[in-house]
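The next block holds one structure in the form of structure tokens; read it before the comments.
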Amino acid sequence: MYKNNRPLIEYLPNVLREVREFNLLTQAEEPELEELWSFLRGALDDQFIESLTDYGASRWEKLLKIVPEPTLERRRETIAARLRDRLPFTIRMLSELLTELLGAGNFEIELEAEKYLLRVLLLRVDDPNAKNAASLLRRVCPANLVGAVAHDAVIPGKVYCAGALLQTNYYTVSTSVNIPNA
């Protein structure tokens with residue numbers, strides 16, 4: 001069955017529905033038509049990022065030279081992030097791109113112009129899009145700036161430190177003879 005689950009035999013005139021050969025013929029063709037409809041649905045789904053199939057995601061990843069992620073949803077997010085890139089790149093545009101990728105309030109952008117440094121601070125340690133943010137910054141950061149992605153989060157817990165000090169002194173004893181000029 002295909003398209004609205006309507007059997008193929010119902011497309012025939014009533015006179016032909018009673019013929020045994022046509023019944024067998026339509027029963028044999030239905031699985032092939034269902035496979036064709038499934039292929040066409042997949043091809044249509046692959047035209048949109050939100051509905052990409054595994055095959056469509058692998059084609060986009062090959063085209064954009066992206067390393068595949070473990071899940072299809074993460075692959076879709078990575079592809080969408082790469083397709084959002086557009087020139088020219090400004091701090092405001094970088095902020096918009098990172099807001100789409102990480103969510104509002106989950107990052108801070110610092111530009112230290114005198115040090116030629118553009119730093120993006122991620123405020124969530126467990127953000128799954130951290131790798132995508134670093135990749136985005138590598139692509140949009142101008143050649144005269146160094147781009148850096150860092151995590152800046154408070155992690156509750158206790159830290160225990162221990163240490164030891166070992167001091168060693170080395171002395172060199174030498175004998176020297178002082179001969180006065182005669």
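Any read-out appearing in this document is the output of simple, stated calculations on the displayed coordinates, not a laboratory observation. In this text the structure is predicted, and so the values were computed from the model without any measurement. Cβ coordinates were reconstructed from backbone atoms using ideal geometry, including for glycine residues, and neighbour counts include every protein chain displayed.
Each residue of region 23-35 is assigned a 3J(HN,Hα), and the resulting list reads 4, 5, 4, 5, 5, 6, 7, 4, x, 5, 5, 5, 5 Hz, derived from the Karplus form 6.51 cos²θ - 1.76 cosθ + 1.60 (θ = phi - 60°), x at Gly and Pro.
Label separation (Arg139 vs Arg92): 2.2 nm, computed from points 7 Å beyond Cα along the C-beta direction. The packing ranking, built from the mean of other Cβ atoms within 10 Å per residue, places the peptides 34-40, 74-80 in the order 74-80, 34-40, highest first. Couplings 3J(HN,Hα) of region 61-66, computed from phi: 5, 5, 5, 8, 6, 10 Hz, in residue order, whole Hz [Karplus 6.51 cos²θ - 1.76 cosθ + 1.60, θ = phi - 60°; x for Gly and Pro]. With kT/(6 pi eta Rh) evaluated at 20 °C and eta = 1.002 mPa s, and Rh the Kirkwood radius from Cα pairs, region 86-160 diffuses with a coefficient of 164 µm²/s according to Stokes-Einstein.
If you take every residue apart from Leu24 with its C-beta less than 15 Å away from the C-beta of Leu24, what net charge results, scoring Lys and Arg +1 and Asp and Glu -1? My count for the surroundings of Leu24 gives -3. Other residues lying with their Cβ under 15 Å from the Cβ of Leu12 contribute a combined charge of -2, Lys and Arg counting +1, Asp and Glu -1.
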